[in-house]
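Here is the structure we will look at.
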Amino acid sequence: MPHILVTNDDGVESPGLLALAQALRTIGDVTVFAPNRNWSAAGHNKTMHKPLRVWSVSLEDGSQAMTTDGAPSDCVALARLGLVKKPVDIVVSGINNGPNLGYDVTYSGTVAAAMEAAINGWPGIAVSSDDYEGPRHWDTAATAAVEITRQALKFGVPENSLLNLNAPNIPLAELRGIRVTRLGNRVYRDVLVERSDPRGVPYYWIGGDPPGGQLDEGTDLEAVSQGYVSVTPLHMDMTFRPLLETVRGWLSQAEPRAG
Ligand code: MN
């Protein structure tokens, strides 16, 4: 049986985490190690300036889990550094309550945990379910996650890469299939909300409606909007190669000369 490390960014009490752990137990031994609070949109963290506590908790189904006051990426790092003794075959993060599409991957703690796995030489999969409110169809994302995890264990995931899975929040029977996609263009609708505290000093919220996006063909945004699970392969090398020569060109005219 493969050993699967399950984490998330919504916190150890999240129903999405439990649904994922239960589904993955059908194909492997599962260790759950997740943050004790919600870290959504906290990105990729390495806690360096405070101690990290780790303790054991029971999930709703009575199974044991490890939890910490650190970030999702800290959970993976702590596991890698020895807190999880049994060798890990794959890290699966989620199921996030809400999508991680397009630029969301740069904010997401769910995806950050899978990135931390990639950095540490472990295959990583991030799993998210669309919609921010209303009834949840965790089983749709969980079923897709089991299938993709099974394939990733069978064929391997190349070094420095990870998979980002998003499921539409629809009943499993209505799912149209799985599409392999590229990241789309998210459109954020953030607005600045300014209020005053009781002392009359202004404070700010980044508010506004949930993000939308361009439904370009072949993208994660389009696939999920059409009732498909989206799987996007991601790579940790963010170098934009077409700009290498351009920037070298700028610097060839500058002092000091680029080498
Ligand atoms: Mn989240």
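The values are calculated or read from the model by the stated rules, or taken from the named source; none is laboratory data. Note that the structure is predicted; figures quoted are calculated from it, not measured. Heads up, the Cβs are rebuilt from the backbone with ideal geometry, glycines too, and the neighbour counts pull from every protein chain shown.
Computed quantities for the displayed model
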read-out: Any hit, the stretch 189-211, residues being among the aromatic types (F, W, Y) and touching a Pro at 6+ places or on another chain (Cβ under 8 Å); value: no
read-out: Qualifying positions in the stretch 124-164 - free of Cβ contacts under 8 Å to residues at least 12 places away in the same chain and either assigned to a helix (DSSP H, G or I) or within 16 Å of the ligand (Cβ to nearest atom) (or both); value: E133, Q151, K154, F155
read-out: Scan of the stretch 232-245 for residues that are hydroxyl-bearing (S, T, Y) and loosely packed, with under 10 Cβ neighbours inside 10 Å, ordered by number; value: T239
read-out: Of all residues in the stretch 81-91 being within 17 Å of N45 (Cβ to Cβ) and in a helix (DSSP H, G or I), the one that is nearest to the ligand (Cβ to nearest atom); value: L83
read-out: Any hit, the stretch 92-114, residues being more than 24 Å from P211 (Cα to Cα), of a type outside the set (S, T, Y) and away from the ligand (no atom under 15 Å from the Cβ); value: no
read-out: Entirely in the stretch 1-64, the strands (runs of 3 or more DSSP E) that have 1 or more residues that are of a type in the set (S, T, N, Q), more than 16 Å from the ligand (Cβ to nearest atom) and within 18 Å of the chain's Cα centre (by Cα); value: 29-35
read-out: Flag if A113 is at pLDDT 95 or above, small (G, A, S) and more than 10 Å from the chain's Cα centre (by Cα); value: no
read-out: Residue match in the stretch 190-210 (condition: surrounded by 16 or more Cβ atoms within 10 Å (Cβ to Cβ) and either farther than 29 Å from N97 by Cβ or not hydrophobic (A, V, I, L, M, F, W, C) (or both)); value: no
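Residues checked against (1) among the basic types (K, R); (2) modelled with pLDDT of 95 or more; (3) in a helix (DSSP H, G or I); (4) more than 18 Å from the chain's Cα centre (by Cα):
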residue: E217; (1), (2), (3), (4): no, yes, no, yes
residue: T232; (1), (2), (3), (4): no, yes, no, no
residue: T246; (1), (2), (3), (4): no, yes, yes, yes
residue: P256; (1), (2), (3), (4): no, no, no, yes
